[in-house]
1. For the chain, take the alpha-carbon Rg, divide it by the Kirkwood Rh, and send me Rg/Rh.
2. Can you show me the helix-derived [θ] at 222 nm for the chain, built from DSSP H runs with n ≥ 4 at -39,500 (n - 2.57) apiece and divided by the number of residues, rounded to the nearest 500.
3. Return, ordered by residue number, the residues of the range 70-84 whose backbone nitrogen is under 19 Å from a label point located 7 Å along Cα→Cβ of residue 1.
4. Please turn the phi angles of the range 108-116 into ³J(HN,Hα) values with the Karplus equation 6.51 cos²θ - 1.76 cosθ + 1.60 (θ = phi - 60°), one per residue in order, whole Hz, x for glycine and proline.
5. Cut-off 19 Å, label point 7 angstrom out along Cα-to-Cβ of residue 109: give me the residues of the range 25-53 whose amide nitrogen falls inside.
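Derivation of every value follows stated rules applied to the coordinates shown; laboratory data play no part. Computed from a predicted model, the values in this text were never measured in an experiment. With ideal geometry, Cβ positions are generated from the backbone for all residues, glycine too; neighbour counts draw on all protein chains shown.
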Amino acid sequence: MDAERLILTGRRALADSRVALDIVAEAWQAQMLAQAIGSHLALSGPPELRGEARGLSEIGSRGGAGPNHPARALRLTEIANVRGALLSLGALLGEVGIALVGVACATDEEGLYWQCIEAIDAADEAGDRVRVMLRRLAVREHARPPDPADSAAGSA
């Protein structure tokens, strides 16, 4: 399944989560998806993204295990639109961070609190990697010479 579809599924599931454990489970899903996307881009993405993609994969692996929730990321088969997937992943990671802050603030359970704090930190670091990759893509696009076909189409 394409990365953008998986990310959209995750965003919907996070938005529908109403209890702390569901939110934490969706945070885990997002981290595993970040890891999978990072791994995929490290192997077959644009060369200028591969180092940051490896870092994203490593950060994503810190998410912890959710044995009762099979990883949605296992269904990742392609990243058809790298920029679109990274934009969507960045949005998901931001939403995860906000949701986890809510859980951390509302819980009286110390273990859950610290789990949320660690997951917030991981989501923030993953988001930083995503932003660096998006900047590198923008530089690559800006540096690319104009396509002569675009000029011919504009004058027709």
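1. Values: Rg = 17.4 Å, Rh = 16.2 Å.
Result for the chain is an Rg/Rh of 1.07.
2. Working: 6 runs with 117 residues, N = 156.
-25500 deg cm²/dmol, from helical runs alone.
3. 70-82, 84
4. Each residue's phi maps through the Karplus curve to give 9, 8, 4, x, 5, 4, 5, 4, 5 Hz.
5. Output list for this probe position: 25-30.
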